[in-house]
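Asker: A single structure is presented below for examination.
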Amino acid sequence: MTRLLISVCILVPFLLAGCATPSPAPQPAAPAPRLSAGTPASPTCPAPVETGAPFAGNLAQPSPGHLVRTDFSQLPQWDQGLSPATWNAFLESCTRLSQSAPWSSPCQQAAALGPFDALTMRRFFERFFDPWQILNPDESSQGLITGYYEPLLQGSLTRTAVYRFPLYSPPPDLLTIDLGDLAPDLKGRHLRGRLEGNRVVPYFSRAEIDLEDGPLTGHELLWVDNPVKLFFLQIQGSGVIQLRDGRRLHVGYADQNGHPFRSIARYLIEQGRLPLAQASMQGIEAWARSHPRDLRAVLNQNPSFVFFRLLPPDLPGPLGTLGVPLTGQASLAVDTQVIPLGAPVFLSTTWPGRHQPLNRLMMAQDTGGAIRGAVRADFFWGFGVEAEEAAGHMKQAGRLWLLYPHGMQPPATH
């Protein structure tokens, strides 16, 4: 064991490089203008960004932004941004938060209010919460809002000539190392790797796992018929697999190989193989259909690889990081260095690819490998074709406000 710990200590700098969290998407060359209250953000595409991925490395960075106390009058169309879905999502958050300060009191009050009523809900949040605008380190208020969804794939429990692309369970040789056991100042940071003799080395990359007779053979969970949809399933983190007999199996994120997430859209653009205007999920799928021989090499540009588990069949939605089912158009993936998991967040953005305002109270119930930064969020659209269409085209400018229990100081203020 001593030799193993020494090996880990020596390899920490190298594994940190391999498991580091993805950098936030580059911002436009010109800074986005600050918006006054009530002014809708305009659609923008600051960088080709895939939809959210599960958080892999848990390598905390210094806080990327801060919060400024404001009031509800500064939230654009605040009184129109409330819905039954939002209320249900808040009650779901309370199933995890209700026993911990400072959430216990508002969660108890919410449980006593009964079914959704718009006026009652507005008064509830105005009474028990204070709004805090989330700002970037440079004091700007705009950031990137992307979208994700729960995909449907066609699959099989056994490999066939059609269903030949595997989803894997977490492999037994995957190590998760808590660096806090080695140094207190690294508490909460984790590495993933494997043993090679008595050395800890980085775990296999996507290219190594996807070999025809790869190292994970025998650990297949299911098989599907489309490698591109499987790739996007890994980015979404959860989905539904429909079997040939009509049964539907829910799968969710179980673990990750520890390698950083890399955008294949960005790679294709840099190589001159995909126009920026087509850097959407749908655009990548169209490119893949016309370039089947190049597909594997392009997918392998993203070394990150996600492992799955079967979820209970009666879940109303995929499980987010908070551990509750996500609610379509009411759940957000956020960077928890700024936004506490489970908290209400008011989002002011625009509908995918349009200028029409989209102002809505949502719940921070998930995280994502590509969701890094203060004003940065991933909008969960739900399940189905319409959700896929919206998520695939969503790369909007937006602003965020954290709603935190009244009179309490959020952890990311300064």
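Asker: Determine the share of segment 90-160's accessible area contributed by carbon and sulfur atoms, expressed in whole percent, with a 1.4 angstrom probe.
Answerer: Working: 1600 of 3280 Å².
That share works out to 49 percent.
Asker: First select every other residue whose beta carbon is under 15 angstrom from the beta carbon of Val338; then total the charges, Lys and Arg +1, Asp and Glu -1.
Answerer: Local net charge: -1.
Asker: What is the projected area of the convex hull of the Cα atoms of segment 264-319, averaged over all directions, in nm²?
Answerer: Orientation-averaged projected area of the Cα hull: 5.6 nm².
Asker: Within 10 Å, count the other beta carbons around each residue, average over each peptide in 334-342, 270-278, and list them highest first. Working shown, then result.
Answerer: Details: 334-342: 22.9, 270-278: 12.3.
Going by the mean number of other Cβ atoms within 10 Å, highest first, we get 334-342, 270-278.
Asker: Right, something else. Consider all pairwise Cα distances in segment 56-145 and report the whole-number % of them above 21 Å.
Answerer: 48
Asker: Now a separate question. Please work out whether segment 233-279 counts as rounded, prolate or oblate from its C-alpha gyration tensor, where a ≥ b ≥ c are the square roots of the eigenvalues and a/c under 1.5 means rounded, while otherwise a/b larger than b/c means prolate and anything else oblate?
Answerer: oblate
Asker: Related question: Need the C-alpha centroid separation for segment 202-229 versus segment 237-295, integer Å.
Answerer: 14
Asker: If a/c stays under 1.5 just call it rounded; otherwise compare a/b with b/c (prolate if a/b is bigger, oblate if not). Do that for segment 127-182, with a ≥ b ≥ c from the square roots of the Cα gyration tensor eigenvalues.
Answerer: Taking the square roots of the gyration eigenvalues as a ≥ b ≥ c, segment 127-182 is oblate.
Asker: Quick one: order His66, His291, His250, His406 from most to least accessible surface, probe 1.4 Å.
Answerer: Correct descending sequence by accessible area is His406, His291, His250, His66.
Asker: Something else: Limiting things to C-alpha atoms, what are the Rg and the maximum Cα-Cα separation (Dmax) for segment 314-407, in angstroms?
Answerer: 12.8, 43
Asker: Let me ask something else about it. Please list 161-172, 299-310 highest first by mean number of surrounding beta-carbon atoms within 10 Å per residue.
Answerer: In decreasing order of mean packing, 161-172, 299-310 become 299-310, 161-172.
Asker: Rounded, prolate or oblate: which fits segment 196-277, taking a ≥ b ≥ c as square roots of the Cα gyration tensor eigenvalues, rounded meaning a/c under 1.5, else prolate when a/b beats b/c?
Answerer: Judged from the Cα gyration tensor, segment 196-277 comes out oblate (a/c at least 1.5, b/c at or above a/b).
Asker: Next question, about the same structure. Just the number, please: carbon plus sulfur as a percent of the accessible area of segment 177-314, 1.4 Å probe, no ligands or DNA/RNA counted.
Answerer: 49
Asker: May I ask for the net charge around Ala374, where only other residues with Cβ less than 12 Å from the Cβ of Ala374 are counted and Lys, Arg are +1 while Asp, Glu are -1?
Answerer: Combined, the nearby Lys, Arg, Asp and Glu give 0.
Asker: Let me ask something else about it. Sorted by packing (mean other beta-carbon atoms within 10 Å per residue), highest first, where do 258-264, 394-400, 117-123 land? If you can, show how the numbers build up before the last one.
Answerer: Numbers: 258-264: 21.7, 394-400: 26.0, 117-123: 13.9.
Most protected by this proxy first, the peptides run 394-400, 258-264, 117-123.
Asker: Give me the net charge for the shell around Asp225: Cβ to Cβ below 13 angstrom, other residues only, Lys and Arg +1, Asp and Glu -1.
Answerer: On the way: positive: Arg159, Arg164, Lys229, Arg244; negative: none.
Result for the neighbourhood of Asp225: +4.
Asker: Now for a different question. Not counting ligands, DNA or RNA, and with a 1.4 Å probe, what is Leu221's accessible surface area in Å² rounded to the nearest 10?
Answerer: Its accessible surface works out to 40 Å², give or take rounding.
Asker: Provide the convex hull volume over Cα atoms per residue for segment 136-217, in Å³.
Answerer: 200
The values are calculated or read from the model by the stated rules, or taken from the named source; none is laboratory data. Quick caveat: nothing in here was measured; it's all calculated off a predicted structure. When we count neighbours, we look across all protein chains shown, and the Cβ atoms used for this are built from the backbone with ideal geometry, even at glycine. Note: areas computed on protein heavy atoms with side chains; ligands, DNA, RNA excluded. Shrake-Rupley method; radii C 1.70, N 1.55, O 1.52, S 1.80 Å.
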